[in-house]
Structure formats: structure tokens, C-alpha cells
Amino acid sequence: MNTWFVDNWLRPVFVRNCLLGTKAYYKSKDFGPTAELESRFQEILSEFNLIKHRIDDFSPFQDISPDQVYISNDDKWKMFFLMSAGYRFNRSCQEFPVTMEILDKYPEIVSAYFSVLGPKKMLNPHRGPWSGVFRMHLGLIIPTEGKGCTLVNNCIPYKWKAGEVVVFDDTYEHFAVNATNEDRIVLFLDILRPLPPFWHVINKLLIMAARLLPYFREPIKRHAKWEREFYASEE
């Protein structure tokens with residue numbers, strides 16, 4: 001199964017059948033996890049702050065997903081995974097019991113990680129690889145100096161805000177900029193595109209199957225190795 005072929009075949013089907021229509025950004029209140037993520041923002045942030053001192057040890061994006069090195073090729077975009085396409089990084093999940101208790105209430109969330117965009121960093125314009133999910137960000141640490149931190153999706157800008165959820169369709173071309181001198185940190189989630197029951201099941205099955213393909217299997221393998229080394233260094 002070729003993910004590019006499958007997604008290009010399914011994308012118009014998913015777009016046409018999306019229960020919330022076709023938009024670059026969606027109203028966050030239309031998604032089940034939003035209210036709890038925003039109301040418990042401080043709890044999630046407190047958990048992250050316990051590991052924040054090790055940000056320099058987080059894995060650069062291209063080390064985990066070398067097929068997407070065109071998006072970022074330095075050490076200024078780093079990530080700390082909890083889940084990827086339904087696969088759980090159990091040791092990391094143990095470090096975030098409150099965050100995972102929240103996320104586990106919502107089976108529509110299929111991936112979760114902390115995304116650290118470093119100072120004076122821009123991610124090159126790109127499109128998401130799978131139209132079956134939307135991206136959901138919860139702003140955790142958002143510096144506001146100067147021009148601040150901006151997401152631009154389908155030419156429409158959004159300024160991240162601490163404690164606020166934004167939901168967008170990343171199959172539009174988009175990019176991100178941190179114009180400040182500090183790290184921008186968000187909890188980055190993949191949430192299933194709302195679809196009628198038949199297409200919802202097809203979408204979930206394909207995401208589960210995708211974990212067996214090199215495009216997804218290799219990043220999962222790489223991050224699992226990083227996770228082992230990250231915690232071994234604490235012993």
C-alpha cells in the first residue's frame with residue numbers, strides 16, 4: 001500500500017464527506033477534547049515543566065522523520081512523542097499521567113507529542129501526509145515578543161496563545177514561524193477528521209495499517225530507540 005496513492009485517492013472523498021465542511025481552520029469548540037484541554041492547561045503545563053530542563057535532549061524532527069528533511073534540517077524543531085498513529089511510547093506516557101488521562105478519554109486522538117520550535121526558526125511550507133486527520137495544538141509556552149509566533153495555513157495566519165486550542169487542516173500548504181528569542185512549545189495532536197460511520201471506520205483501519213509501512217514504521221522505530229536512550233541517561 002502506497003500512502004501517497006491512497007491519500008490522493010481518498011482525499012476528495014474525505015473532504016466531500018467531512019461533517020464539518022471544508023476549511024483551513026475549524027472552530028475548536030466543535031471538537032470533544034477542546035474544553036478539557038483548555039480547562040486543564042495548567043496541569044498539562046506543570047507536567048511538561050518537570051521535563052523542560054531536558055529540551056536540549058529532545059529529538060530533532062529530521063532525526064525521527066528523515067523523509068521530511070525538507071521541512072526542517074537543523075536542531076531548532078524538536079519533539080517529544082507520547083503516541084504516533086495509535087502507537088504508545090509507554091515510558092514517556094508514564095511521565096505524563098495527567099496528560100495521558102485526559103487524552104485517553106478521546107479515542108479520536110491518534111497522535112500526541114510536544115513540539116518545540118526554537119528561537120528564530122521557520123518551518124518550510126509543506127502539506128500534511130494524511131487527509132484523515134486534523135492537527136490540534138494546545139499552546140503551552142508561547143513567547144510574544146516582537147512579531148511573536150505564527151502559524152500560516154492556506155495563507156491565513158494564526159497567533160498561538162497559551163492555554164488555547166487551534167484546529168486546522170494541514171493538507172493545505174502551511175508553515176510556522178517563531179520570530180522570538182525563546183522556545184515556542186505546543187502539545188501537538190492528530191485528531192480524526194469527523195466523517196460518517198463508514199468512512200470513519202475506513203480511516204481508522206488505514207491509520208492502523210499505516211504503522212506497518214516504512215514511512216511510519218521507521219519514525220516509530222527511531223523514536224522508540226531515542227526514548228530508551230533518553231531515559232537510560234537518567235540512570
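The values are calculated or read from the model by the stated rules, or taken from the named source; none is laboratory data. Since we're looking at a predicted model, the values are computed, not measured. With ideal geometry, Cβ positions are generated from the backbone for all residues, glycine too; neighbour counts draw on all protein chains shown. Accessible surface areas use protein heavy atoms only, side chains included; no ligands, DNA or RNA. Shrake-Rupley method; radii C 1.70, N 1.55, O 1.52, S 1.80 Å.
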_Yes or no: segment 107-115 includes at least one residue that is of a type in the set (D, E, K, R) and more than 22 Å from Phe48 (Cα to Cα)._
yes
*Mind listing whichever residues of segment 195-232 are among the small types (Gly, Ala, Ser) and either more than 27 Å from Arg54 (Cβ to Cβ) or in contact with a His (Cβ under 9 Å, 6 or more places away or on another chain) (or both)?*
Ala209, Ala210
*List pairs: first in segment 211-235 and within 14 Å of Ser92 (Cα to Cα), second open to solvent by less than 30 Å² (accessible area, probe 1.4 Å) and modelled with pLDDT of 75 or more, Cβ under 6 Å, 6+ apart or cross-chain?*
Ile220/Ser84; His223/Ile64; His223/Phe81; Trp226/Ser59; Glu227/Phe89; Glu227/Ser92
*asked:* Can you find, within segment 173-217, the residue that is nearest to the chain's Cα centre (by Cα) among those that are within 20 Å of Phe61 (Cα to Cα) and at pLDDT below 95?
replied: Phe216
*If we only count helices (runs of 4 or more DSSP H) wholly inside segment 61-145, which ones have 3 or more residues that are β-branched (Val, Ile, Thr)?*
97-103
*Limited to segment 158-170, what total is found for residues that are within 19 Å of Ile71 (Cα to Cα) and surrounded by 21 or more Cβ atoms within 10 Å (Cβ to Cβ)?*
2
*Just give me the residues in segment 168-193 being in a strand (DSSP E or B) and touching a Leu at 6+ places or on another chain (Cβ under 9 Å), in sequence order.*
Phe168, His174, Phe175, Ala176, Val177, Asn178, Arg184, Ile185, Val186, Leu187, Phe188, Leu189
*Within the bounds of segment 94-111, is there any residue that is of a type outside the set (Val, Ile, Thr), within 25 Å of Cys155 (Cα to Cα) and crowded, with 20+ Cβ neighbours inside 10 Å?*
no
*Could you please find all residues in segment 194-233 being open to solvent by 30 Å² or more (accessible area, probe 1.4 Å), of a type outside the set (A, V, I, L, M), within 30 Å of Lys23 (Cβ to Cβ) and not in a loop (DSSP other than H, G, I, E, B)?*
Pro197, Phe198, Trp199, His200, Lys204, Tyr215, Phe216
*Output yes when any residue across segment 28-39 is among the charged types (D, E, K, R), within 18 Å of Gly139 (Cα to Cα) and not in a helix (DSSP H, G or I), and no when none is.*
no
*Regarding Asp57, is this residue touching a helix residue (DSSP H, G or I) at 6+ places or on another chain (Cβ under 8 Å) and open to solvent by 10 Å² or more (accessible area, probe 1.4 Å)?*
yes
*asked:* Quick check on segment 191-202. Is at least one of its residues in contact (Cβ under 8 Å) with a residue 12 or more places away in the chain, out of contact with any Pro (no Cβ under 6 Å at 6 or more places or on another chain) and under 17 Å from Phe81 (Cα atoms)?
replied: yes
*Would it be correct to say that Glu173 is of a type in the set (Asp, Glu), more than 19 Å from Ile142 (Cα to Cα) and open to solvent by 10 Å² or more (accessible area, probe 1.4 Å)?*
yes
_For the structure I just gave you, tell me whether Thr180 is open to solvent by less than 40 Å² (accessible area, probe 1.4 Å), closer than 27 Å to Gly21 by Cβ and not small (Gly, Ala, Ser)._
no
_Taking the condition of being closer than 24 Å to Lys52 by Cβ and assigned to a loop (DSSP other than H, G, I, E, B), how many residues in segment 148-167 meet it?_
6
*Matching residues in segment 116-150 - criterion: being among the polar types (S, T, N, Q), surrounded by fewer than 20 Cβ atoms within 10 Å (Cβ to Cβ) and either out of contact with any Pro (no Cβ under 6 Å at 6 or more places or on another chain) or within 24 Å of Gly21 (Cβ to Cβ) (or both)*: Asn124, Thr144
